[in-house]
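Worksheet for the structure shown next.
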Amino acid sequence: MAMTKYTLEAHEICTSTMELAKSWVEQSKSHSESPHVIWALEQTQGRGKLDREWISSKGNLFFTTVIPFYMDRRRVGELSFLVAVALGGAISSLNSALNISYKWPNDILISEKKVGGVLLETLSKEESLFVSIGVGLNIASFPPGLISTSLEAQGIIISPKEMLEKILKEFSYFLDVWYAEGFEPIRLRWSRKAWNKGAELRVKTFSKEIVGVFESIDHLGRLILIQEDGRRSQLFSGDVLLTRRND
């Protein structure tokens, strides 16, 4: 299988690689056929899900990959799981003994502590659709007071550039798998390391809070919860709440 090629744009500092992705799409003169990667050593206005601040300390990794999207828009969310398994694969290649898990819908954990996250946004230009995939990975440090960790705290010393190269290699591989075989092999790989699968979860949506046993994710990446009364809830989005303190 041929590996997907990409172009790379690097910055010492920027407001946000997600904002630069918007500018790149707006200014592009033709429809790109390849992913475009925007990487910065430091961000001044990094953001995560629901525009929450992503603390972007120098020494960590922040980048956005913009890909052309030709498929049904309902499949955009699959890319969050694809990137998660790419991150997991890259980290595992450095230390296969680490306890890596994936917290629905967009977090990567080591020993139940957040080490990275994924943010998706759709961008349009004329008749073309693009998806921006933002990634933040704690390499040298992590925010205090949160249930989080870093690669360095787990005994891994690596530069952001070296880690980016490893992740993009994994991403290119899984993107080719996705194009050729669809979401199912990605879904299965993600599910094998799903955080708290089979346990009771508390999920906060825009309108309510739902408690249920985490059964699986379905073919669209929706979280399947079995509630106490036997009902199956299928959730496209929400926050799975962590209640344990960092140690």
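The values are calculated or read from the model by the stated rules, or taken from the named source; none is laboratory data. Bear in mind that the values here come from a model prediction, so they are computed numbers and not experimental data. Cβ atoms come from the backbone with ideal geometry, glycine included; neighbour counts cover every protein chain shown.
Observations on the structure shown:
- Failed criterion for LEU151 (all others in (1) more than 20 Å from VAL83 (Cβ to Cβ); (2) crowded, with 17+ Cβ neighbours inside 10 Å; (3) assigned by TED's automatic domain parsing to the domain that holds ILE91; (4) not acidic (Asp, Glu) hold): (1)
- Among the candidates SER237, SER233, the residue that is small (Gly, Ala, Ser), surrounded by 13 or more Cβ atoms within 10 Å (Cβ to Cβ) and assigned to a strand (DSSP E or B) is uniquely SER233.
- Residues that are under 26 Å from TYR173 (Cβ atoms) and modelled with pLDDT of 80 or more, drawn from region 32-53: SER34, PRO35, HIS36, VAL37, ILE38, TRP39, ALA40, LEU41
- Scanning region 183-208 for residues that are in contact with a Gly (Cβ under 8 Å, 6 or more places away or on another chain) and not hydrophobic (A, V, I, L, M, F, W, C), we see that the one that is surrounded by the most Cβ atoms within 10 Å (Cβ to Cβ) is ARG187.
- Test result for GLY155, more than 18 Å from the chain's Cα centre (by Cα) and at pLDDT 95 or above: yes
- Scanning region 175-197 for residues that are over 30 Å from LEU241 (Cβ atoms) and more than 14 Å from the chain's Cα centre (by Cα) turns up ASP176, VAL177, TYR179, ALA180, GLU181, GLY182.
- Selection status of SER56, among the small types (Gly, Ala, Ser), assigned to a loop (DSSP other than H, G, I, E, B), at pLDDT below 95 and over 21 Å from SER237 (Cβ atoms): yes
- The set of residues in region 202-217 that are within 20 Å of ALA84 (Cα to Cα) and either over 18 Å from the mean Cα position of the chain (by Cα) or small (Gly, Ala, Ser) (or both) comprises VAL203, PHE214, GLU215, SER216.
- One residue alone among SER132, SER172, SER150 is within 18 Å of the chain's Cα centre (by Cα), assigned to a helix (DSSP H, G or I) and either of a type in the set (Gly, Ala, Ser) or within 15 Å of THR64 (Cα to Cα) (or both), and that residue is SER172.
- Failed item in (1) in contact with an Asp or Glu (Cβ under 6 Å, 6 or more places away or on another chain); (2) at pLDDT below 90, with MET3 passing the rest: (1)
- Output for region 134-148, where each listed residue is under 16 Å from PHE63 (Cα atoms) and either buried (at least 20 other Cβ atoms within 10 Å of the Cβ) or without any contact (Cβ under 8 Å) to a residue 12 or more places away in the chain (or both): GLY134, VAL135, GLY136, LEU137, ASN138, ILE139
- Any hit, region 124-132, residues being in contact with a Leu (Cβ under 7 Å, 6 or more places away or on another chain) and not hydroxyl-bearing (Ser, Thr, Tyr): yes
- Some residue of region 93-102 being surrounded by fewer than 23 Cβ atoms within 10 Å (Cβ to Cβ), part of a strand (DSSP E or B) and assigned by TED's automatic domain parsing to the domain that holds MET71: yes
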